[in-house]
Amino acid sequence: MTTAPVNATALGIRANLAQFTLLVAVNALVGGMLGQERTVLPLLAEQTFHLTAYTASLTYILAFGITKAAANYFAGTWSDRYGRKPVLVAGWLIGLPVPLIIIWAPSWNWIVAANVLLGTNQGLTWSVTVIMKIDLAGPQRRGLAMGLNEAAGYLAVAATA
């Protein structure tokens, strides 16, 4: 007679609803942080630093995008090597100083630097929450897990913007 291991985790969204919901909420926070920034920075660029919207958008979005792409690339490997939670927490810690840097920025270069941190934050936190949701949902529901992840994140971007 074979018995299931004591530490076996049931797969599926319903079986892991509390953890899955928490991860959806975490992803909404990730999106919310991005939405707030996308509303504030164009105004800050024009009114405080006297930059055109094009120049401002190009620099901070480029810095964010390149950094997020790199963080996305490493998030999966690091979450397998070091664990999901440590990479998620590291992503949040990296993002903590972003609002303060933006508030006290003496020059636009500080805003660009804050977006490097934000890109790292977003790449690690967004990617790891996707991985964690797929881990919980299992292979049969990974598409639904991805859809809920994206919906939560981008609805939060829209709501905060």
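The values are calculated or read from the model by the stated rules, or taken from the named source; none is laboratory data. These numbers come from a predicted model, not from an experiment. In this analysis, Cβ positions are derived from the backbone assuming ideal geometry, glycine residues included, and neighbour counts consider all displayed protein chains. Accessible surface is based on the protein model in full, side chains and every heavy atom, while ligands, DNA and RNA are left aside. Shrake-Rupley method; radii C 1.70, N 1.55, O 1.52, S 1.80 Å.
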*Using a Förster distance of 30 angstrom, determine the FRET efficiency expected from the C-beta separation of Leu58 and Ala15, and round it to 0.05.*
0.05
*Packing-wise, with mean Cβ within 10 Å as the measure, how do 74-84, 9-19 rank, highest first?*
74-84, 9-19
*Expressed in nm to one decimal, what extension gain is obtained for the pair Tyr73 and Gln47 from 0.36 nm per residue of sequence separation less their Cα-Cα distance?*
5.8 nm
*Residue-normalised accessible area of segment 1-148, given per residue in Å² at a 1.4 Å probe*: 57 Å²
*Between Leu144 and Lys85, what FRET efficiency comes out of the Förster formula 1/(1 + (r/R0)^6) with R0 = 22 Å and r the beta carbon distance, rounded to 0.05?*
0.45
*asked:* At a 10 angstrom cut-off on C-beta neighbours, averaged per residue, how do the peptides 133-145, 108-120 rank from highest to lowest?
replied: 108-120, 133-145
*asked:* So for each of 91-104, 27-40 I average, over its residues, the number of other beta carbons within 10 Å; can you give me the resulting order with the highest mean first?
replied: 27-40, 91-104
*Give me the percent of the accessible area of segment 10-161 that comes from carbon and sulfur atoms, probe 1.4 Å, all protein chains in place.*
70 percent
